[in-house]
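This report concerns only the one structure given below.
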């Protein structure tokens, strides 16, 4: 659904799936609990100019409802319906300025909710629904305004009823809800494939514009045009890092000039109906890798392929990282950037000077998606439906005097989105070439 334009697109995920998610969560919470999730507020950029609206990921996961000023209440066992939404009512004056509002009637009819009330009436209605429940599951501490409102409801119940029927516990919702979000459904995976496909087209468009003499922001403009023209938005601010800028892990200035001898690291993803992709490639601006660039590139590529091989059911999440570390340590030693053996480099951690990051993260509604990486101190085992990024890299700082000058300022990252399947894995972002020869051949046709 496109926020602010509810007529433009149907739900990419069926209302029945949102209902199933709500039922699962209520079963986990228990029949004597209430679950409260607030929509993301509208946030101001400056003065009276708002940032583009993006729904809270947990709220979207449970309701698929795209507007602000809304609260979802899940009330297990409620006779008149367990899933209740408070949202904006239709208002002709407001709609003249901001576009059509969904309203309470369509919230029930189109989003599969059991009941809906105007958000302006929440203070009068919701406290009575909370009364008698033993626990409140919520994200207390995330949004101060909602926290204050919730505490106000509790105070009102104590004053009216003498405190005997007020929930005794506030329980963090994240542990239950985020474990559900970790396992992607078929519909979610379909969206993520589409998001990866759009991001792939955006990367290729950026490559065509990444010519010597242009600037990083011009390449970023090609990315953004390709994303928006295909109905997506950026999943995060794109990283377009030329030359030594690629050694800055989260570089975002995107102002520098591209020179023929540079590498260009592009890390960008598409967000489609709130689901993200996240892809990185490193290309030679002049069309061909130098000898040193190619040598390091082949090490990173081999590390990424080894890591992807570890993404399969039954493997620990960190197996991919260990595989990448082994290949990178061996490569750095073989090229002379690290002295001694790979085993020594790993034991001492000296490889981290050039590979300081982890090899991946969960991916889904958030780019760095929710879900525990370790359970009882042990790396979580991968299962079908999980989606991870695999993104090893080598970054030689430009002021690294421990290595020959020819290696300095080279930064390389290769990143793909990988879904765990029943019998292995699926690389969702495979449409973007990553073999050096294929990249050079593509660039030759610019």
- Message: Just the residues that are part of a helix (DSSP H, G or I) and under 16 Å from residue 267 (Cβ atoms), please, taken from segment 202-220.
- Response: 202, 203, 204, 205, 206, 207, 216, 217, 219, 220
- Query: From the list 319, 276, 302, which one is in the same structural domain as residue 432 (by TED's automatic domain parsing), in contact (Cβ under 8 Å) with a residue 60 or more places away in the chain, over 21 Å from the mean Cα position of the chain (by Cα) and under 30 Å from residue 371 (Cα atoms)?
  - Reply: 319
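Take the residues of segment 107-118 that are under 29 Å from the mean Cα position of the chain (by Cα) and in a helix (DSSP H, G or I): which is farthest from residue 85 (Cα to Cα)?
Ranking the candidates gives 110 first.
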- Note on the structure: Quick count over segment 247-306, residues being touching a helix residue (DSSP H, G or I) at 6+ places or on another chain (Cβ under 9 Å) and in a loop (DSSP other than H, G, I, E, B), is 20
- In segment 365-381, how many residues are at negative phi and touching a strand residue (DSSP E or B) at 6+ places or on another chain (Cβ under 8 Å)? 11
- Message: Condition check: modelled with pLDDT under 95 and over 25 Å from residue 18 (Cα atoms). Does residue 209 satisfy that?
- Response: no
- Would you kindly identify the strands (runs of 3 or more DSSP E) lying entirely within segment 5-78 that contain at least 2 residues that are in the same structural domain as residue 128 (by TED's automatic domain parsing), within 30 Å of residue 131 (Cα to Cα) and touching a helix residue (DSSP H, G or I) at 6+ places or on another chain (Cβ under 7 Å)? 33-38, 71-74
- Query: Just one of the numbered conditions (1) in the same structural domain as residue 430 (by TED's automatic domain parsing); (2) at pLDDT below 95 is not true of residue 164; which one?
  - Reply: (1)
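Does residue 266 meet the test of being at pLDDT 95 or above, under 20 Å from the mean Cα position of the chain (by Cα) and either farther than 20 Å from residue 217 by Cβ or not assigned by TED's automatic domain parsing to the domain that holds residue 405 (or both)?
no
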- For segment 181-210, the count of residues that are surrounded by fewer than 17 Cβ atoms within 10 Å (Cβ to Cβ), closer than 19 Å to residue 382 by Cβ and touching a residue at least 12 places away in the same chain (Cβ under 8 Å) equals 2
- Starting from residues that are outside any loop (DSSP other than H, G, I, E, B) and without any contact (Cβ under 8 Å) to a residue 12 or more places away in the chain, keep the ones in segment 344-373 and report whichever is nearest to residue 419 (Cα to Cα). 352
- Query: What is the residue count in segment 389-412 for residues that are outside any loop (DSSP other than H, G, I, E, B) and in contact with a helix residue (DSSP H, G or I) (Cβ under 7 Å, 6 or more places away or on another chain)?
  - Reply: 8
- Message: Within segment 326-335, does at least one residue satisfy the condition of being modelled with pLDDT of 95 or more, touching a strand residue (DSSP E or B) at 6+ places or on another chain (Cβ under 7 Å) and under 21 Å from residue 181 (Cβ atoms)?
- Response: no
- Query: Only one of (1) more than 23 Å from residue 14 (Cα to Cα); (2) within 26 Å of the chain's Cα centre (by Cα) fails for residue 94. Which number is that?
  - Reply: (2)
- In this structure, does residue 244 turn out to be more than 30 Å from residue 399 (Cβ to Cβ) and in a helix (DSSP H, G or I)? no
- Unique match (being free of Cβ contacts under 8 Å to residues at least 24 places away in the same chain and surrounded by 14 or more Cβ atoms within 10 Å (Cβ to Cβ)) among 94, 90, 45, 54: 90
- Query: residue 28 passes all but one of (1) farther than 23 Å from residue 195 by Cβ; (2) under 20 Å from the mean Cα position of the chain (by Cα); which number fails?
  - Reply: (2)
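The values are calculated or read from the model by the stated rules, or taken from the named source; none is laboratory data. In this text, all values refer to a predicted model and were calculated from it rather than measured experimentally. Every residue, glycine as well, gets a Cβ built from its backbone with ideal geometry; the counts of neighbours run over all protein chains shown.
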